[in-house]
Structure formats: structure tokens, C-alpha cells
Amino acid sequence: MVRTAARQPVPARRADAERNIAAILDAATRLLSADAGASVADIAKAAGVGRVTLYGHFPSREALMDAVLDHAVDVADAVLADESIDTAPAPEAMARLLRSSWEVLDRHRRLFLAADRVLATERIREHHERPLRRVERLIVRGQRDGDFRTDLPPAWLVTTFFSIIHSAAQERETGRLAPEEVEPVLIKTMLSLLSPPEG
């Protein structure tokens with residue numbers, strides 16, 4: 001008599017694991033961008049899984065943070081992948097970029113503050129590179145085309161870009177900027193800052 005091997009529900013188990021990982025990363029991104037000190041227990045609860053399940057996928061807070069940054073960079077990259085950022089006139093591309101991505105980029109920045117508590121600086125820099133490069137490429141193109149000022153270094157203008165986004169998000173959170181004001185204020189401020197000086 002030939003025995004047939006017991007069928008193992010591997011695909012179902014794999015699908016469950018993938019759902020759990022996605023839920024954990026979404027919950028961790030949400031909680032850590034709001035509170036850098038959010039606990040693993042809080043993240044597990046928000047994801048609808050137990051701590052044992054969470055640690056089964058991410059054996060340490062460092063491993064979880066590393067995966068969250070990968071996830072955040074992928075999301076930011078998808079938002080920043082708009083072809084018009086590389087083809088439209090630089091001021092128009094900057095306005096589009098701010099409209100489509102300022103909230104994503106602010107959340108991204110907050111996650112890096114959380115990561116600073118548990119990951120080495122070099123590792124954080126590696127994660128940060130892709131979004132920074134896209135913004136810097138746009139600024140450099142604007143400088144080359146004469147649309148943006150050239151008397152300040154691109155790296156400084158990128159830092160200013162992220163600082164202004166963060167400040168606008170804070171102003172909205174405190175109620176000093178109405179939600180509908182954020183985008184126009186951001187766009188006017190950034191384009192004003194980037195415009196070549198007169199004379």
C-alpha cells in the first residue's frame with residue numbers, strides 16, 4: 001500500500017505570516033511616527049497579533065525598526081516616483097511633489113527620529129538616501145535650469161525642504177494652520193525660498 005504524504009497547509013501559513021507582517025509594519029509605522037517611544041506590546045496590540053507572533057517575525061526592536069524604515073522608504077519612493085518630478089519645469093515639479101508627498105515625507109522624518117534610539121547612524125543614513133536623492137535631484141535640476149537659486153548648496157536646501165515640511169505638520173497639529181492651508185503655505189514658502197535672488 002502506498003502512503004500519500006500528509007498535505008501541509010504551507011500556502012495558508014505563508015499567507016497568514018505575510019498578513020501578520022503587513023499588519024505589524026503598518027501598526028509600527030503608524031504608532032512610531034506618532035510616538036517614538038511606542039512599545040512593542042502597543043505595536044502588537046495595534047496589529048492584532050500577540051507579542052510572540054511579533055517577535056517570531058522581528059526578534060528585536062532593532063529588527064522591527066529596520067523593517068519599518070524599509071517599508072517607509074518603499075512608500076515614500078512610490079510617492080516620489082512620479083515621472084513629472086523629473087520632466088516638468090522645476091517649480092511646477094516642486095509644487096506637485098509637495099502636494100502629493102508632504103504628509104508621507106513628514107511621517108518618514110518622524111520614523112527616523114524613532115530609529116535614532118535603536119539603530120546605528122550609518123544604518124539610518126542608508127535608509128534615508130533614496131528619498132533625499134530624489135529631492136536633491138529636483139533641486140539640482142532647478143538650479144541648472146536657472147529656476148532655483150544657486151547661492152546656497154543643494155544639500156542645505158534639501159535639509160530646509162524637510163524642515164519646512166515638519167514645521168508645517170507641527171503647525172497643523174497645534175491648530176495654528178488649518179488643514180486646507182498646509183499645502184498652499186508649504187508651496188509658497190518653498191518656492192519663495194528656492195527662487196533666485198533678485199538683481
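The values are calculated or read from the model by the stated rules, or taken from the named source; none is laboratory data. Just so it is clear, the model here is predicted, and its values are computed rather than measured. Reconstructed Cβ throughout: ideal geometry from the backbone, glycine too, with neighbour counts over all protein chains shown. Side chains included, ligands, DNA and RNA excluded: accessible areas come from the protein's heavy atoms. Shrake-Rupley method; radii C 1.70, N 1.55, O 1.52, S 1.80 Å.
Which ³J(HN,Hα) values, rounded to whole Hz and listed in residue order, are derived for region 45-57 from phi using the Karplus coefficients 6.51, -1.76 and 1.60 in 6.51 cos²θ - 1.76 cosθ + 1.60 with θ = phi - 60°, glycine and proline given as x? Going residue by residue, I get 4, 5, 7, x, 10, x, 4, 4, 5, 4, 5, x, 8 Hz, with x marking Gly and Pro. Rounded to whole numbers, the Karplus 3J(HN,Hα) couplings from phi for region 102-107 are 4, 5, 5, 5, 5, 4 Hz, using 6.51 cos²θ - 1.76 cosθ + 1.60 with θ = phi - 60°, and x at Gly and Pro.
Nearest 20 debye, what's the magnitude of the dipole of the chain about its Cα centre given +1 on Lys and Arg Cβ and -1 on Asp and Glu Cβ? Write out the running numbers ahead of the final one.
On the way: 27 positive and 30 negative charges, 189 e Å.
In total the dipole reaches around 900 debye.
Karplus-derived 3J(HN,Hα) values for region 92-101, using 6.51 cos²θ - 1.76 cosθ + 1.60 with θ = phi - 60°, are 5, 5, 5, 4, 4, 4, 5, 4, 7, 9 Hz; glycine and proline are entered as x. Counted residue by residue at 0.36 nm each, then reduced by the alpha carbon distance between them, the extension gain from residue 19 to residue 126 reaches 35.8 nm.
Measuring r between the beta carbons of residue 92 and residue 40 and using R0 = 45 Å, the FRET efficiency lands at 0.55.
Roughly how many percent of the accessible protein surface of region 79-199 is carbon and sulfur, given a 1.4 Å probe and a whole-percent answer?
Numbers: 3300 of 6520 Å².
Answer for region 79-199 is 51 percent, counting heavy atoms of protein chains only.
When the charge dipole of the chain is built from unit charges on Cβ atoms (+1 for Lys and Arg, -1 for Asp and Glu) and taken about the Cα centre, the candidate among 56, 34, 98 whose Cα reaches farthest toward its positive end is 56.
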